[in-house]
Structure formats: C-alpha cells, structure tokens
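Since the structure comes first, as structure tokens, the remarks are kept for the end.
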Amino acid sequence: MKTILITGGTKGIGLAVARALLPSADRMILTYGTDKERAEAVKAELEAEHPHLKQLLVLPSDIEAPGSAKVLADKLKEMNVIPDAVVLNAGVTNRTSFWDIEEEDWMKVLQGNLLYNIMLIRHFGKLMPKGSCFVATGSLMGLHPHSVSIPYGVSKSSLHALVKNMVKELSPLGIRINGVIPGFIDTEWQKNKPLEVRRSIESKIALQRFATPDEIAKIYKMMVETDYLNGELIVVDGGYSYR
C-alpha cells in the first residue's frame, strides 16, 4: 500500500508509529541517530513480525548536521525509493540555561527540530505521488512556556507554524500535511524523571498519567489514513493543565 519514511523510527514514539503503520505498508524506512546496534535489532524484530514487507531499511541520519536531510534524500533517490508517507518525528533538545546556552547550541536544536524537516519536505515534496502526506511531531512545550529547554519549545512552536504554512505549498501537489502535538509520553526521554517530578506533572493531567507511545501512534495512523485531514495540529495530552 505505502512506502513510509519515519525519522527517529527505532525508539519511542517513532517505533510505536512504525508498528502501527507496518500492517498496511509495503516498504518502510526508519532513521536513527547513532545507535546502530539497536537499529539493527529493531529491524530484525520488525521483519520477523511482518514477513509481508517487501523492504525494511534502517538508515543513520544526523539531524543536527546541516545538509543531513539532503544526504538522506539523495540516498533514497539512488535506491529509487520515494516515500508516500513521511513522519517527521526525530528531535533534539538542550536543557542548558537560557543565559548560558551558546549560539552554536541554539542552531543545533533549530537545525534538528525545524530545518531538517523543512529540507526533507523540500527534497521529497515534488517527487511524492498525489495522495501522499507528511505528519510532523510537535510538542506540548511548543504551546506552553517551558523554562527547562527554551530552544526546544521555540523550535517546536516553529514546527507547528511550518505545518500550517506548508499547506499552501503542498496542496497544489495533492499532498497533505498535519502534525501531532503529544503531551507527556512514557518514552526514554521521560522515564528517567525523578518520581516527584512525574507526580507533579501527573497532577496537572486530567487522566492522571502519562500516555503510552502506542496510544499516541493511533493518532499518526489516523492522520496518514484520513484523506480529508489537512493542515491540522492535534493536541494529545490527556487534558494537561486542566486545573
């Protein structure tokens, strides 16, 4: 049915999205940062679970490096692999104090969370068939001020704006773009939080708990499969800050 590219697809939300979409995929490409051993293990596991797949690729891509989106796009083009669903999921953060973080570190976060995604859209957008789509991973921190990682919040807020702005560019090509804005999810990023911090966060969530990656993955699947959904940012936060 589809050739699906998921950046940051070997762990966390990205891996959950891959599992949700694999039953309807013919070919899937998952990118990873540096953990090749884990990526290969995920590849073997998913291939065993889904023998119908024609091809499953795991490819490294350093989202903080300028030009890395072009490197990935060129590699896939050389292999004659053009996705018709792209999940822009990989992300980076930096928790250095606003007063101490250097310009170079700001640029790495902006590159990884915004420019990398812009360039993937640019490199693939005009090649993808009509009916294709992009789905971006935003963040609740792009909606609510968050002093722990200001560059992350600012970059994700910009990514939300990118989704809205790209509708005018992609719609004439017959391509949709949407975004998911997850709240607090039980991924590697969150599981190491001190218990008191988790309890404080949970007290602000109407459902009183973090989401599982599988719960969030259902929204991505819906976005990929719903042909009339375009230019939307869906917040999935369990009712954060309800009191």
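The values are calculated or read from the model by the stated rules, or taken from the named source; none is laboratory data. None of the values given here were measured: they were computed from a predicted structure. Virtual Cβ from ideal backbone geometry, glycine too; neighbours counted across all protein chains shown. Ligands, DNA and RNA are excluded from the accessible area calculation, which covers all protein heavy atoms including side chains. Shrake-Rupley method; radii C 1.70, N 1.55, O 1.52, S 1.80 Å.
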Tell me, what is the per residue accessible area of the chain in Å², probe radius 1.4 Å?
-> 49 Å²
How big is the charge dipole of region 85-229 about its Cα centre, in debye rounded to the nearest 20, if each Lys and Arg gets +1 on its Cβ and each Asp and Glu gets -1 on its Cβ?
-> 420 debye
Dipole magnitude of the chain, debye to nearest 20 (Cβ charges: Lys/Arg +1, Asp/Glu -1, about Cα centre) = 520 debye
Burial order of peptide ranges 70-79, 178-187, 155-164, 93-102 (average beta-carbon count within 10 Å, highest first) = 178-187, 155-164, 70-79, 93-102
Quick one: which residues, 5+ away or cross-chain, put their amide H under 5 Å from the amide H of G183? H built at 1.01 Å from N.
-> V236, D237
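Where does each of 58-64, 26-32, 193-199 land if you order them by average Cβ count within 10 Å, highest first? Working shown, then result.
On the way: 58-64: 19.0, 26-32: 22.1, 193-199: 10.9.
Output ranking for 58-64, 26-32, 193-199: 26-32, 58-64, 193-199.
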Which order do peptides 121-128, 214-221, 10-17 fall in by mean Cβ count within 10 Å, highest first?
-> 10-17, 214-221, 121-128
Toward the positive end of the charge dipole of the chain, about the Cα centre and with charges on Cβ (Lys, Arg +1; Asp, Glu -1), which of C133, L53, P151 goes farthest?
-> C133
1/(1 + (r/R0)^6) with r = Cβ-Cβ of K193 and H144, R0 = 25 Å, i.e. FRET efficiency to nearest 0.05, evaluates to 0.90
Check: C-alpha center region 20-50 vs C-alpha center region 190-243, spacing in Å is 23 Å
Size of electric dipole in region 91-158: Cβ of Lys, Arg +1 and of Asp, Glu -1, about Cα centre, debye, nearest 20 | 540 debye
Express the carbon and sulfur contribution to the solvent-accessible surface of the chain as a percent, rounded to the nearest whole number, probe 1.4 angstrom.
-> 54 percent
Dipole axis of region 86-231 (+1 Lys, Arg; -1 Asp, Glu on Cβ), positive-most option in Q190, N94, N117 | N117
Have a look at G142, L170, I201 and report the one farthest towards the positive end of the charge dipole of region 95-243, computed about the Cα centre with Cβ charges (Lys/Arg +1, Asp/Glu -1).
-> L170
Length gain on complete extension for the stretch D105 to L57, per 0.36 nm per residue less the alpha carbon to alpha carbon distance?
-> 14.2 nm
